[in-house]
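What follows is a set of notes on a single structure, which appears directly below.
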């Protein structure tokens, strides 16, 4: 995923080609409003709207938005729908649930389980909203 390119770029200084590839990947996500087909506007995969942690190698909307924030991208109007979806998933206490647990080995419990508030999804959602609201 793009986060690997970003971390490699940060660790090594990257190259112009690497930087261009990462920016082109970011534009790919933005052109598709983070979750839609460019050709039809339909949602590519409804599971992308379910927030997970750990994400392992899987994509979800919150992961994509958190990547843009981490990469220092300016908030773009094309993420508006995605940001509003994140905003809509907060519970009354301002926490976001774990919605999709991917299979994989966990060495220790991270959260209380699917459907329950997730400290990691909450952290990522709050960072994303702060980033989105700063633009």
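The values are calculated or read from the model by the stated rules, or taken from the named source; none is laboratory data. Bear in mind that the values here come from a model prediction, so they are computed numbers and not experimental data. All Cβ positions, glycine included, derive from the backbone under ideal geometry; neighbour counts span all protein chains shown.
When every residue of region 104-116 is checked against the conditions, none turns out to be within 17 Å of the chain's Cα centre (by Cα) and touching a residue at least 24 places away in the same chain (Cβ under 8 Å).
On the given criteria, is residue 99 surrounded by 15 or more Cβ atoms within 10 Å (Cβ to Cβ), in contact (Cβ under 8 Å) with a residue 24 or more places away in the chain and over 11 Å from the mean Cα position of the chain (by Cα)? So residue 99 fits the description; yes. Residues that are over 19 Å from the mean Cα position of the chain (by Cα), modelled with pLDDT of 95 or more and over 27 Å from residue 95 (Cβ atoms) do not occur anywhere in region 25-37. Do you know which residues across region 105-128 are surrounded by fewer than 17 Cβ atoms within 10 Å (Cβ to Cβ) and within 24 Å of residue 29 (Cβ to Cβ)? Residues satisfying the conditions are 123, 126, 127.
Number of residues in region 27-48 that are in contact (Cβ under 8 Å) with a residue 24 or more places away in the chain and touching a helix residue (DSSP H, G or I) at 6+ places or on another chain (Cβ under 6 Å) equals 5. Do we have residue 67 as touching a residue at least 60 places away in the same chain (Cβ under 8 Å) and either more than 27 Å from residue 134 (Cβ to Cβ) or in contact with a strand residue (DSSP E or B) (Cβ under 9 Å, 6 or more places away or on another chain) (or both) here? Considered against the rule, which asks whether it is touching a residue at least 60 places away in the same chain (Cβ under 8 Å) and either more than 27 Å from residue 134 (Cβ to Cβ) or in contact with a strand residue (DSSP E or B) (Cβ under 9 Å, 6 or more places away or on another chain) (or both), residue 67 comes out as no. Filtered by the rule that a residue be in contact with a strand residue (DSSP E or B) (Cβ under 8 Å, 6 or more places away or on another chain), free of Cβ contacts under 8 Å to residues at least 40 places away in the same chain and surrounded by 14 or more Cβ atoms within 10 Å (Cβ to Cβ), region 71-96 gives 89, 95.
Summed over region 1-34, residues that are surrounded by 13 or more Cβ atoms within 10 Å (Cβ to Cβ) and outside any helix (DSSP H, G or I) total 5.
Exactly one residue out of 52, 39 is under 30 Å from residue 116 (Cβ atoms), out of contact with any strand residue (DSSP E or B) (no Cβ under 7 Å at 6 or more places or on another chain) and not in a helix (DSSP H, G or I), and it is 52.
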